[in-house]
Amino acid sequence: MSSRRPHGQSYADVAAQPPADTTSSDVTPAVPADVIYKLLGFTAAMAAGPIGMYFLTVNWIFSGNATFAGITAAVTANVVLFAYIYVAWKDDQGERAAADKAKSKKAQ
């Protein structure tokens, strides 16, 4: 059988040694913080918006008509969804413009 540790050393000896290259570890997050904050904001809006609109409209605007209040809640959910898609699209356009600008500066 082959072994992943050098012969003559126990697992404890190998585990006690520091890693070979500790200076090249990348600790930056995979997703920027502003993207996480946008996602959390739209998640809260998707949870609170339609539910809030339903209860707001069922009693005060439509006088107990749950069908129209449900339609209003569905429209609100779609508005939040489309707003998230639009914000993500604009954010992606900004990143592409910055990357193209950096690429054109490198070419000069």
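The values are calculated or read from the model by the stated rules, or taken from the named source; none is laboratory data. In this text the structure is predicted, and so the values were computed from the model without any measurement. Reconstructed Cβ throughout: ideal geometry from the backbone, glycine too, with neighbour counts over all protein chains shown.
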Val35 passes all but one of the listed conditions (1) at pLDDT below 95; (2) in a helix (DSSP H, G or I); (3) exposed (fewer than 12 other Cβ atoms within 10 Å of the Cβ); (4) not aromatic (Phe, Trp, Tyr); the exception is number (3)
Are any residues in the stretch 65-108 among the basic types (Lys, Arg) and within 30 Å of Tyr54 (Cβ to Cβ), and if so, which ones?
Lys90
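Out of the stretch 62-74, which residues are β-branched (Val, Ile, Thr) and either touching a residue at least 12 places away in the same chain (Cβ under 8 Å) or surrounded by 16 or more Cβ atoms within 10 Å (Cβ to Cβ) (or both)?
Listed by number, the list holds a single entry, Thr72.
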In the stretch 51-61, is there at least one residue being exposed (fewer than 14 other Cβ atoms within 10 Å of the Cβ), among the hydroxyl-bearing types (Ser, Thr, Tyr), assigned to a helix (DSSP H, G or I) and out of contact with any Cys (no Cβ under 9 Å at 6 or more places or on another chain)?
no
Would you mind stating whether Asp26 is in a helix (DSSP H, G or I) and under 26 Å from the mean Cα position of the chain (by Cα)?
no
Please work out if Ser25 is at pLDDT below 75, out of contact with any Gly (no Cβ under 6 Å at 6 or more places or on another chain) and not charged (D, E, K, R).
yes
Quick one: is Gln17 without any contact (Cβ under 8 Å) to a residue 40 or more places away in the chain and surrounded by fewer than 11 Cβ atoms within 10 Å (Cβ to Cβ)?
yes
For the stretch 78-94, what are the residues that are of a type in the set (Asp, Glu) and either surrounded by 11 or more Cβ atoms within 10 Å (Cβ to Cβ) or at positive phi (or both)?
Asp91
